[in-house]
Amino acid sequence: MTEENNIPPLRTQEQQMLDELRPYLLDPREDYPEPYHMLEFNGVPFSKVGGLAAISGQKKNGKSFVLTQLMAAILASGSERTEQYLPGLKVPERTIEFLGHEPRVLYVDTEMEKLSSAKVLRRVHWLCDWDMKQPNDRFAVLWLKNMPKTDIAKPHKRRYELIKMAIEVIHPDVVFIDGLRDLLASINDEESGTNILDELGSLAEERNMSIWCALHQNPKSNSDGEDSKMRGWIGTELGNKVSDTLISIKSKTANGVTFTVKQQDARDKDMEDWKFEVTDDAGKLGIPRIINNGTNLPSRSKEQVSCDDVVLIREWIDQAKNTYEWPMTRADIKKKVFGEIGGQKNKDKQQADLMAAINLHYLEDSTLKSGNGSYMLQPAEDMPF
């Protein structure tokens, strides 16, 4: 190589390449921080801040109800109503400190009719205990199923443009795209699919957002649908890029319909399943409520509620019968029964004790409602055991 040909010496070329590679090389001397997560269930974090996540399932298997739960848990984490309907599902404390503000959520629907999207909007408002008729600047719903005639030639491109525009204007901390397939001309379009997923991943990282993408599964290959993959090439690629994948499975029994949410894939610690039912607590709107049976009591931090704990919980409630005026709100029970009498200072433990008392039928609904519309609780007349 000669200077006459304007080609630098080999060493100089190597140095230039090394300089270009340097930002991408990991250094063992660096302290790389633990990632933040937008959600946790029973103490196990998921939905990485700065990353993508996916939710999947067969058609009509409750994906929109799961998204409703995730959004409400983010927007009203730790409130009395979300603790009642979404026990164990909340924003981690360290993430709240990291954000420095109350989280904002953008929900994008490309699949359902406008009325169905409006029901999701109202379900979230109800679970957050917000005014059902008033907008809230922390939650926006973008309905993109039907595009105007001017956009009909390439509606998928216009949808994606509007999503990026909404992100610029609303500054969400979490984006839920209910219908990733509708951002593509074809579910097997590798080039545009790669471009969209790469761009969404970059947006999430640059803006410290978590972006959820909903996509149907292929027709199920077994009874519970767990082995079914997400549809098309985009489904395979999405599964490779996300930090978490949740699937929703619908079950019909003689006792009614329930749904199970399973974590199909996770890069970190595996999360336990949760089950929910759809209640008529807000009339025909349909409100999802996480249900627990006797073998799935909410966690107390990292420990399950033990037999010794159950005995103590009953003793505290017995003592509280003659100490306080009943019925009480859930917040007061946690503070007085489990905080003052039980000596529990940790709020997660207070919540676990409350849910255990309800599941064991030590506490039951009274006929009175609290200010947010939920029934106040009272000790059961005949406590079991």
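Here are a few things to note about the model shown:
- With R₀ fixed at 22 Å, the C-beta to C-beta distance from residue 26 to residue 161 puts the FRET efficiency at about 0.05.
- Potential extension, residue 118-residue 94 segment - 0.36 nm per residue separation minus Cα distance: 5.4 nm
- Cα gyration tensor shape of region 37-291, rounded if a/c is under 1.5, else prolate or oblate by comparing a/b with b/c: rounded
- Computed over region 1-150, Kirkwood Rh from alpha-carbon pairs, angstrom: 19.2
- Summarising the label geometry, the points placed 7 Å from Cα in the beta-carbon direction at residue 311 and residue 281 lie 3.3 nm from one another.
- Between residue 324 and any residue 5 or more places off or on another chain, the built amide H atoms are never under 5 Å apart.
- Pairwise inverse Cα distances across region 80-189, averaged and inverted, put the Kirkwood hydrodynamic radius at 15.7 Å.
- Of 338, 259, the sequence from fewest to most neighbouring Cβ atoms within 10 angstrom is 259, 338.
- Residues whose amide H lies under 5 Å from that of residue 39, counting only those 5 or more places away or on a different chain, are 46; hydrogens are built 1.01 Å from N in the peptide plane.
- Loop-resident sites, region 7-68, for GluC sites (Glu not before Pro), counting at most 14 other Cβ within 10 Å (DSSP): 30
- Those lysines that a straight Cα-Cα span of less than 25 Å connects to residue 252, excepting residues fewer than 8 apart in one chain: 59, 60, 63, 119, 220, 229, 262, 275, 284
- Modelled FRET efficiency - R0 35 Å, residue 154 with residue 361, Cβ distances, 0.05 increments: 0.05
- Proximal aspartates and glutamates relative to residue 321, as straight alpha-carbon distance under 19 Å, when same-chain residues fewer than 8 apart are discounted: 309, 332, 340, 353, 364, 365, 381, 382
- Gained length - residue 185 relative to residue 381, 0.36 nm times residue gap less alpha-carbon distance: 64.4 nm
All of the numbers you see were taken from the coordinates with simple rules; none came from a lab. Small disclaimer: the values here were computed from a predicted structure and weren't measured. All Cβ positions, even for glycine, are placed from backbone atoms using ideal geometry, and neighbour counts span all protein chains on display.
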